[in-house]
Each structure stands twice: as C-alpha cells, then as structure tokens.
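The next block holds one structure in the form of structure tokens; read it before the comments.
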Amino acid sequence: MRRPLWIAAALLAAGAAPAMERRSESLTLHAPALDVFVFNTPYNDYFGDSKISGIELVHHHRRLATNGDLRLNPTPEQWDPVPEIVERRAHGTGVAVQLRYARERFEYTVIVEPAGPRAFTITVELAAPLPAALAGRAGFNLEFLPSAYFGHGYFMDDTPGLFPLHPTSLKEIPGVQAPEPLARGRRLVLAPDAAERRLDIASESGELVLYDGRGRAQNGWFLVREVLPAGRAGTVLRWRVEAGHAGNDLRPPVIAHNQLGHPPQAPKRAVIELDARARPARRARVLRVHPDGREETARTLRPADLGRWLRHRYVALDFGDLREPGLYRIEYAGARSAPFPIAPDAWTRAWHPTLDVYLPVQMDHMRVEEGYRVWHGASHLDDARQAPVGHRHFDLYAQGPTTETRYAPGEHVPGLNVGGWYDAGDYDIRTQTQYDVVNTLVELWERYAPARDTTHVDWTARRVELHRADGTPDVLQQIRHGVLALVAQYRAFGRAVPGIVAPTLEQYTHLGDGASKTDNFVYDPALGELERRDGKSGLPDDRWVFTGHSSALNYGAAAALAAAARVLPPLDPALAAEALDHARRAWAEEDARPAPARFTSGNTTGGPLELERFKAAVELWLSTAEAAYGEAAVQALDALEPFFEAALPWLLKAAPRFDEATRARLRRRAADWLRTARAEEAANPFGVPIRRGGWAGNGFVLRRALAHDAVWRLFPDLGEREAAARGLDYLLGTHPDHALSFVSAVGARSKRVAYGMNRADFSFIPGGIVPGVLIIEPDLPENKEDWPFLWGENEYVVNLAPAYILLVHAVQDALAAP
C-alpha cells in the first residue's frame, strides 16, 4: 500500500526518538502522556456498548477515545451489534486482536503497532472479502469523548471546524434518519489548539468521515469512521494516529478527602494520588481558615508513602488528633483541597438530601413537586401488560415458555399502578431492588427511628410535595410506598414477580418526565391507536410485567413484607396486616414445594436462594415470635457460608435470639470473615473493597461498611469501631481519580453531573449516590465528572440511598459510643 509523502516524512522524523513501548503483561502500548488500551475489556453481553471496549486512548491522564473497532453502522447505539473477541496476542512490537461477528459469520483482525514516540498505527486485515450483506456497512470507528472537545476545533485536511455543543447533524433519507457528516477527508486533527487533547489521525487506505454520534442518542460520542472496501482481502485499512504533548506530563496531585469534613472524634485521613513517577513531598499542611480569610498552619504532617497501586502512587495524611472545631483545608506540593469543617455536627445533615429529595423524586406512580419545579408527573398509570412468552428482553428481563400466571400475553394486569420507585436512571420497577429498599428502610427505622418529616405524600391524589411536612415521618412513608408495590404483585399473582419494564427500546431509552413515557391509558386492542375512551386507549405503550416464578425472589419479597409489618401499623395497620399475611403465605407455599422454582434471568430474579430464605425466616421470626421460623433460621446457618457478608444485617437482628452455642459458631465465622475482608481492603490505599468489572463498586463499599458495623456490634472485641467510617469517607471524597463526593449535593464538591432521569441536561438529583470509580482495564481508575452517560460510573441506583442513610446513622452512633 503506497503511503502519501507527508506520512512518510512524519514517520522518518519520528525515528529520531524511541517509539511507544508494548507492555507485555497487559498488551497495551505506552509512552509518556499516552496509553493505548487494545481490547482490554470485552463488550458486555447484556448491555452491548458500554464505552469501555475496543481501542482506547488515555492521553494526558484522561481517557479521550474508546470503541476503536469495526462496527456495522456509522453511529452505533448501545444495543447495536458488537463483535466478540476470539484472541488477543502479541504481534511484532504491537498487539493483534482477532474478532468475530458470529451472526454475520464474519471474522477480522485489528493490529496496533508503535509508529513513533507518541504515535501508532491501526491496521485491519481480512482473511476473505466482506460478506455481501456488509458491503458499505462495515467500517472502522474510533470514538471521542464529547465533553473533552466542547469548545475546541478540528481540521479535516486543511478545512477547519468546531465541535458542536449540541448535535444537529441528522438528515432524512426516505423513511430513515441517518447521520450527516461533520467533515470528510484523509487527515483529521482534533483540538489542534490544545496539545493535551490533540490527536492527529491520517488514513493511508481511504476516506475518513467525522460524525457526531449524539444525533440519535444523547450518550453518543464524536467519532471518525472509514468504510471498508468491498471485494478485497488482506490489509484493507491502515491509520496512523499521533497524540500531542503538552510539555510537563506529570499528573498533578489529587487530594482525596472527606468533602463533608469530620466530627472532632472521628478518624481523619486524606489520601494523595500522585503520578507514578512523582517523588513524594516531605511535608504537607492542614491549614485553618479564619473568618477574615487568614490561613494558619494547624498541622504539619509527614506523608506516609503507600507505594504504587494500579497506575498511580499514593501517600496518606493522618490528622486524627486535630479536634478543634473550625474550617480547614489541606495543602500538598502546591495543591489545595476544598475547605472542610471539623465540627460536632459535620455529618448530622449528610443524609438529608437523600431522604428529602432523591427518594421522593424516584417515587413512581406519583406527581413529584419541589417549589416551582415539577420533577415528574404521575407516571405509568397504565401499568401493566403481561409480558410475552419465550422472550429475552433488554435490561436483564426475560419471560419463560409460559406466563406462570392466569393472564395471557399482552393482557392488562390490574392493580399494578401503585407504589415503588424508579429503579435507577431508568424507570423500571425491579422487584429485587424494591424489596432491598424496604428492608433497609425498616432496619433504619428500627435501629434509629429518624423522625424527620419534610415531605408531603398524598397517595389518593398521587401527589408528593418536597419540603412540606405532613405530620408523618418520611421513612415510614417511603416504606409504605415500597410495600404498596410489593403487595400489588401478591394481589395480582399470589407471589412476587421479577418486575415491570418498558416494552420497547424506544421507550426504555426515554429521558425526562416519566409521565410522558406512556399515555397513562390502559391499552385496549379494540380501539384505534389514536382513540381514547373510558380510561383506555389503542396505543400499546403500557409497560410489561415479567412473571417467571423464582422461589428466591418470593422469599426475598416475603422478608421485606414481614419486616415492614412491624413498623407500618401506626401509619397503615390494614396494609401491615396484609403484608404479614402475604409473607406467611409465601413462606408456606415455597416451603411446601417439592423443589424450588428456579426461573432466573440476570439480576431480576432474586439473590442466592439460601440467603433469601434465611432473610425471610429471620423477619418472620421477629414479626411473629413463632419458633418454627427461628428453627429454620438456625438450620440455615451452614448454608450461608458463601453469603456471610450479605447475611450480616439479618444475623445482627437474629443474634439476640440465638443460644450460646449458635453465637459461638457465629463468632468463629465472623473472625474468619474479618481476616478475609481486611486482606482485601489492605490491597489498595483506601482501605475499602474496590472491585473490577463493568459496574463501579460503591454498592460494595456501602455493604462492606455496614457489614463491619454489624460485626463490631455483635463482637466489639473482634470488630473495629472505625471500619465503617472508612466506607463513609470513601463515598464522600476519599477515593481515586478525583476528590468529589459521590453523593450529589453533599459536601463542598460533589457529583453535579450524573446518570439520573435528568442526565440529558448534564444535571443531578440531590442525595443520589453514583456507582463511583470504575477500573478501566488494565489499570485506569475513572469516574467521569463531565459526562453523565457512563452508567457504570454515574448511574444512581435507588437501593444505595437507604443503605447510605443507614451508614451515616451507624457511623455517628458508633463514634458516639463510650
């Protein structure tokens, strides 16, 4: 393949400096200020394109590009076809990856090789020509983070342009919307005005086309594409990519600390994240800020070198002996933290936005108002139609060969349009999440009884008003709202079912007011699509309810109903009695089965059967005092071995009723668990479990912190009083990548761009908790603070909310204990 003279000249000039190196262990390319990840993360089988796969570029410590791969349309959306990785291997001085589109029976190889100090080539090789069906469709794409390029320009060949803040590049091709290119040419230079973002991409093989992928989906990225030629095999595409260099490529220090501050008696620790090549400073200071703006040194500290973890180096500062109330900040090597207080009430209001705003905003089937603002109208009043059989849906839902109910596929199931919360940044009613919220809120109420009342809830009018008291504790109202949704399932089906979700991807990807997602009229097939009559319409937009029978799910829901029955009588005694009756019946019916019902689909059909059954036994034991449930709980202990950490909240509840021999068994198991947990937590500088995978780990951090709290309360001589506080510190800012609080609107600096229902507006919901830091393989801790659409990093999930509220209470209670 003949190279243009200007490319040859660039390659010759680059020969004066060493080329990028391949790191054999991770099969990546590296140079100062540039890393090239080469298919280190496979595509997700369930969620398709997560923007963390293919060829990825980390430039000046920021992941700017992803999804470098062969795709079958110009601007792919999340569920468009993705290939599978067949093999990754070293290839000369670079990396080769063989991939396959199985359905299309098409294989190809992508090769990435060093081509200069901060340059590399991408080559696509075909063993055989493209299948006829893919001619004109298959092309190589490389995507670029829009928020990194807002306000910057580009050149396509010699023609300049600006990256648009909002997409406008769609054109109509009879009956189809297609992207309109921003530019075409052979050489694309992104951000020539900013060396730390500049990328120079030249094709030796064909035309480059620049697109704005946000035209059809807000979570799209800018991308450059070259369509593969038809009728050819061998090397069919070759690009050269060179990254700019901004001079000093050392990453500035990040002072990770609790953005909310500390009570005087709390542990106080900051972790400084450094470039791996940086030499730790000898001193750091804690500065006290006075009302007149003066700053004085409150502590001079010697940083403790924690060594390297992943791609960064870390040092720690311990200032736990600083107890004098005041406003402070940390200074390290010229960097300064946000101000934070040391005050007795530093954490007193940490949970208020979560209870006052986030949980009410997530309430389904209700209109939610806040002052002049309407968060959303009363949504999904047409819930729900029986899901079709033999169907694998999106978002982990599925229906087996029968409905396992008395309803035919497509038939309206009455009574399901009550209660429940939007599951996350989407709008489904995922039963497993719903009962987790109820369980945790009941635990919160029984342990601490927070009587806070700032929300007016009127279920008859389907109306919620924030910041308006109604005389009823908000926690109890939220418990009732969740129980209404669970009881509705038992009334309709006699058991819990996986959940309720949008019928089509077009509706599932809806952003904005949930009330506009459906027409809120029950579907009647006898009516025309635009007809409405007697509360019904001919538009089949009602959500589907998935009804596969899972004994684990049924036990889990029964546990929540039994628990709620203890706390709801002052608010709704009839609902409390009904909840307990459903829980009893569920237990009796599941235990009478010759074998458990084991329908499973992703995370929608309950947790481990042994754990869910134990939870139900404990809650029924506590609610009824009947010995049979207690015997079942004790008999289940051996089966809990793999799930000990998840079972700890219920072991804490049940322990006062255990005999001495059972408590001794529990103590031995707790000691074993502590050894394992501490070893995992010691593996990183933050002292919490940081997991890998496609979903970040704040949920694990929360649950681990609560597990530590449970062990300390069970066996104070074994557990650590302060262990749970490490989890709270992590959530509120002491974590990798940046120092923002992961709880929106909590702390001096917090997540202000998140994956909630309002993510298209680059906004947030106060009190929501995001998943947190995702480890982009092989070694990049990341939480994007300027791009909401990465669900694995930034999507609020409703069951983290009560767990966070509980953790704040538990930590404060532990620190106040003698």
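The values are calculated or read from the model by the stated rules, or taken from the named source; none is laboratory data. Model, not experiment: these values are computed from the prediction. Positions of Cβ are backbone-derived with ideal geometry, glycine not excepted, and every protein chain shown enters the neighbour counts. Note: areas computed on protein heavy atoms with side chains; ligands, DNA, RNA excluded. Shrake-Rupley method; radii C 1.70, N 1.55, O 1.52, S 1.80 Å.
Output the peptides 696-704, 674-682, 292-300 sorted from most to least packed, where packing is the average of other Cβ atoms within 10 Å over each peptide's residues.
The densest-packed peptide leads the list: 696-704, 674-682, 292-300.
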The extension gain from GLU631 to ASP581, computed as 0.36 nm times the residue separation minus the Cα-Cα distance, is 16.0 nm
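Provide the net charge surrounding ALA723, with neighbours chosen by a C-beta distance below 12 Å and charges set as Lys +1, Arg +1, Asp -1, Glu -1.
With Lys, Arg at +1 and Asp, Glu at -1, the net is 0.
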Other residues with Cβ under 9 Å from the Cβ of ALA803 give, with Lys and Arg +1 and Asp and Glu -1, a net charge of 0
A chain fully extended from ASP717 to ARG406 at 0.36 nm per residue, minus the present Cα-Cα distance, gains in nm 106.5 nm
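Counting only heavy atoms of the protein chains, get the accessible area per residue of segment 311-419 (1.4 Å probe) and round it to a whole Å² value. Intermediate results must be reported in sequence, preceding the final value.
Values: 4050 Å² over 109 residues.
Per-residue accessible area for segment 311-419 comes out at 37 Å².
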Here the alpha-carbon Rg of segment 350-494 over 2.2 N^0.38 Å rounds to 1.12
Result: in the chain the number of Lys pairs with C-alpha under 17 Å apart, spaced 8 or more or on different chains, is 4
Here D for segment 398-479, in µm²/s, from Stokes-Einstein with a Kirkwood Rh over Cα pairs at 4 °C and 1.567 mPa s, works out to 84
Expressed as a percent, the accessible surface of segment 703-801 that is carbon or sulfur, using a 1.4 Å probe and the full set of protein chains, is 48
With R₀ set to 56 angstrom, the calculated FRET efficiency between the beta-carbons of ARG336 and THR662, to the nearest 0.05, is 0.60
Expected vector for segment 446-463, Karplus 3J(HN,Hα) from phi with 6.51, -1.76, 1.60 and θ = phi - 60°, integer Hz, x for Gly and Pro, equals 5, 8, 10, 6, x, 8, 4, 9, 10, 10, 9, 10, 10, 6, 5, 7, 6, 9
The ³J(HN,Hα) series, computed from each phi in segment 66-71 with the Karplus coefficients 6.51, -1.76 and 1.60 at θ = phi - 60°, rounded to the nearest Hz and given as x for glycine or proline, is 8, 6, x, 5, 7, 10
So for R0 = 60 Å, FRET eff. of ASP672-ASP193 from the Cβ-Cβ r, to 0.05, ends up at 0.55
Whole-percent carbon and sulfur contribution to the accessible surface of segment 657-698 (1.4 Å, no ligands, DNA or RNA) stands at 51
If each K or R counts +1 and each D or E counts -1, the residues other than ALA639 whose Cβ falls under 9 Å of its Cβ total -2
Here the chain gives, from Cα atoms, an Rg and Dmax in Å of 28.1, 86
Here the percent of antiparallel bridges among DSSP beta bridges lying wholly in the chain, to the nearest 5, is 95
Log entry: pair-distance distribution for segment 230-283, C-alpha pairs binned every 5 Å from zero, whole % per bin is 4, 11, 13, 11, 10, 10, 8, 7, 6, 6, 5, 4, 3, 2, 0
Computed for segment 13-105: size of charge dipole around the Cα centre, +1 on C-beta of each Lys and Arg, -1 on C-beta of each Asp and Glu, debye to nearest 20, value 180
In Å², rounded to a whole number, the accessible area per residue of segment 523-590 with probe 1.4 Å is 39
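Sorted by average packing, counted as other Cβ atoms within 10 angstrom per residue and highest first, what order do 384-394, 605-615 take?
605-615, 384-394
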Per its Cα gyration tensor (rounded if a/c is under 1.5, else prolate when a/b beats b/c, else oblate), segment 292-366 is best filed as oblate
Sorted on mean Cβ neighbours within 10 Å (highest first), peptides 537-544, 714-721 come out as 537-544, 714-721
Simple SL model, points at 7 angstrom along Cα→Cβ for ASP321 and GLU107; separation in nm is 6.6
Counting only protein heavy atoms and rolling a 1.4 Å probe, one gets per residue an accessible area for segment 657-744 in Å² of 36
Extension length gain for ARG302 and TRP79 (0.36 nm per residue less Cα distance), in nm, is 75.2 nm
Once phi for every residue in segment 583-591 is put through the Karplus expression 6.51 cos²θ - 1.76 cosθ + 1.60 (θ = phi - 60°), the whole-Hz ³J(HN,Hα) values, with Gly and Pro written as x, are 5, 4, 5, 4, 4, 4, 5, 5, 5
Under 15 Å by backbone N from the virtual spin label 7 Å along Cα-to-Cβ at THR235, the residues of segment 106-124 are 109-116, 120-124
Of the accessible area of segment 151-296, computed with a 1.4 Å probe and all protein chains kept, carbon and sulfur make up a percent value of 49
Taking segment 506-607, the whole-percent share of alpha-carbon pairs separated by over 15 angstrom is 73
Between GLU531 and LEU505, the FRET efficiency computed from the C-beta separation at R0 = 30 Å comes out, to the nearest 0.05, as 0.75
Check: C-alpha center segment 328-369 vs C-alpha center segment 447-493, spacing in Å is 23
